1. Please list, ordered by first then second residue, the pairs with beta carbon atoms under 9 Å, 6 or more apart or interchain, first in region 56-82 and more than 15 Å from residue 42 (Cα to Cα), second part of a helix (DSSP H, G or I).
2. Given the condition within 16 Å of residue 17 (Cβ to Cβ), open to solvent by 40 Å² or more (accessible area, probe 1.4 Å) and of a type outside the set (Asp, Glu), answer yes or no: does some residue in region 73-92 qualify?
3. Counting just the residues of region 1-26 that are exposed (fewer than 14 other Cβ atoms within 10 Å of the Cβ) and among the hydrophobic types (A, V, I, L, M, F, W, C), which one comes out farthest from residue 133 (Cα to Cα)?
4. Which residues, counting only those in region 45-64, are open to solvent by less than 60 Å² (accessible area, probe 1.4 Å) and more than 15 Å from the chain's Cα centre (by Cα)?
5. Looking only at residues in region 114-134 that are part of a helix (DSSP H, G or I) and over 18 Å from residue 154 (Cβ atoms), which one is least open to solvent (accessible area, probe 1.4 Å)?
6. Which of the residues that make up region 31-42 are within 16 Å of residue 21 (Cα to Cα) and open to solvent by 40 Å² or more (accessible area, probe 1.4 Å)?
7. In region 28-55, what count of residues is obtained for those that are more than 23 Å from residue 111 (Cβ to Cβ) and touching a residue at least 40 places away in the same chain (Cβ under 8 Å)?
8. Limited to region 135-150, what total is found for residues that are open to solvent by less than 10 Å² (accessible area, probe 1.4 Å) and without any contact (Cβ under 8 Å) to a residue 60 or more places away in the chain?
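The values are calculated or read from the model by the stated rules, or taken from the named source; none is laboratory data. These numbers come from a predicted model, not from an experiment. Quick reminder, even Gly has a Cβ in these numbers, built from the backbone with ideal geometry, and neighbours come from all protein chains shown. When the accessible area is computed, the model is the full protein with side chains, heavy atoms only, and any ligands, DNA or RNA have been set aside. Shrake-Rupley method; radii C 1.70, N 1.55, O 1.52, S 1.80 Å.
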Amino acid sequence: MWTVSAALILTGAPGSGKFSVLEALSALLEVDELAFGALESEQLAWGWPWLRPSEWLPQLAAVISLQRAAGRRLFVVAATTETQVELHGVINALAVDRVIVVCLQAGPDVAVRRIADREPDAWPGKGPLIAHARELANSMPSIAGIDAVIGTDGRSPVEVAADVLRIHGVLAARCRSDHHPNSLRLDRCDVEQS
């Protein structure tokens, strides 16, 4: 019996809330007793020097392959995909039948504040990450291949995760293997076509 595999990719600039929303989304899926695998892809690149996508993407593919061998068919992956090429690299590494990409968006000042609060002052990469996050907060939501953009400013991870699930349902209903749905923006609770 053939089983469809699927992935939900959470992307966004550093400080947009990807990891917090991944945790909340995982809890909601578990409450619904949906079998899934969850992964924060940056764990594969972490260290010094930080691994380039060409080095960590094969690791992502290997982990997903092992997860698939363990019977999982749904994957929720957080990944900071700074370019369309990186996004396609993650999609290709997942090698699933269906993919939905949701970009979490925080305003530049919010993203910077979140990073400043969470990262230790002694870390030498904190200043460069803050500067880079400010740039990415504006550029990442416009990357081609993103299906929906959800604002995280002033919202709890659980609220955003619930919206991700709702958007997932809307997009899945409209998704065809050869057709990419129109991008959606969700700032609070309303689904709007952009």
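1. Qualifying pairs under 9 Å: 72/64; 74/29; 75/64; 75/67; 75/68; 75/94.
2. no
3. The qualifying residue farthest from residue 133 (Cα to Cα) is 1.
4. 45, 47, 51, 53, 56, 61, 62, 63, 64
5. 126
6. 31, 38, 42
7. Summing the residues that are more than 23 Å from residue 111 (Cβ to Cβ) and touching a residue at least 40 places away in the same chain (Cβ under 8 Å) in region 28-55 gives 4.
8. Residues in region 135-150 being open to solvent by less than 10 Å² (accessible area, probe 1.4 Å) and without any contact (Cβ under 8 Å) to a residue 60 or more places away in the chain: 4 in total.
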